[in-house]
Amino acid sequence: MNIDELFKKRLLFFFTSFIFIVIVTISSSYAIKENVDKGKVINNENIEIVFENNQDDVHYSEYPLSYEQGIKLSPSNLIRVINNGSDDKRYDIYIRGDETTSSLDINKVYYSIDGREPRNLGSDITNAVYSGLLAGNEEKVINIKVWAASELIDNNDQGKELDLHFLVIEDDI
């Protein structure tokens, strides 16, 4: 095997590898874009709920935050509610958690809707955290932030986690 043949083989390998990498990069970028754009969709009778974070799990700050920090620093949970019907529809958004021994007490968690005044989740656990009314063929995006309250956390809470989920229920008017 002379140097020209070796050079040709290496050049062919280089171009084949380069084309393969470009195809994989474009394909994966497209797949990620499609997945992010759609979000997780739940269809009720007339209302469509799109969780922009791709799941109904509540995203929250990894570390406890103060009242003021939570509004600014906790991650957003965007929920798009779409009324596909022609009639007005009422809906309620709940935040539910699993009550296990490794779960943080729900009374030590704050939430804020669309940047409004934070509230303690424990005071609203049996009630909806948000209620809305959509006219026919209308949509609304709700931004919900959730965080563990640093001023309410003590040493007994170390190692405990939050396992919260959104629940959206369509109500009759």
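Of note:
- Of residues in segment 78-88 being polar (S, T, N, Q) and part of a loop (DSSP other than H, G, I, E, B), the one nearest to Val168 (Cα to Cα): Asn84
- Qualifying residue in segment 112-125 (condition: in contact (Cβ under 8 Å) with a residue 60 or more places away in the chain, surrounded by 18 or more Cβ atoms within 10 Å (Cβ to Cβ) and closer than 14 Å to Asn77 by Cα): no
- Flag for Gly159 being assigned by TED's automatic domain parsing to the domain that holds Ile93, part of a helix (DSSP H, G or I) and closer than 11 Å to Leu104 by Cβ: no
- Members of segment 48-60 that are without any contact (Cβ under 8 Å) to a residue 24 or more places away in the chain and outside any loop (DSSP other than H, G, I, E, B): none
- Filter result for Tyr110 (of a type in the set (Ser, Thr, Tyr) and within 17 Å of Val168 (Cα to Cα)): no
- Filtered residue count, segment 89-124, keeping only those that are modelled with pLDDT of 90 or more, part of a loop (DSSP other than H, G, I, E, B) and within 18 Å of Leu164 (Cα to Cα): 1
- Count of segment 125-156 residues which are part of a strand (DSSP E or B), in contact with a helix residue (DSSP H, G or I) (Cβ under 8 Å, 6 or more places away or on another chain) and farther than 18 Å from Leu65 by Cβ: 0
- Residue in segment 77-98 that is among the basic types (Lys, Arg), within 16 Å of the chain's Cα centre (by Cα) and in the same structural domain as Asn155 (by TED's automatic domain parsing) present: yes
- Looking only at residues of segment 61-77 that are polar (S, T, N, Q) and in a strand (DSSP E or B), we find that the one that is surrounded by the most Cβ atoms within 10 Å (Cβ to Cβ) is Asn77.
- Any chance Leu164 is in the same structural domain as Arg80 (by TED's automatic domain parsing) and closer than 21 Å to Tyr91 by Cα: yes
The values are calculated or read from the model by the stated rules, or taken from the named source; none is laboratory data. Values in this document were obtained by computation on a predicted structure and should not be read as measured data. Glycine gets a Cβ as well: all are built from the backbone with ideal geometry, and neighbour counts include every protein chain shown.
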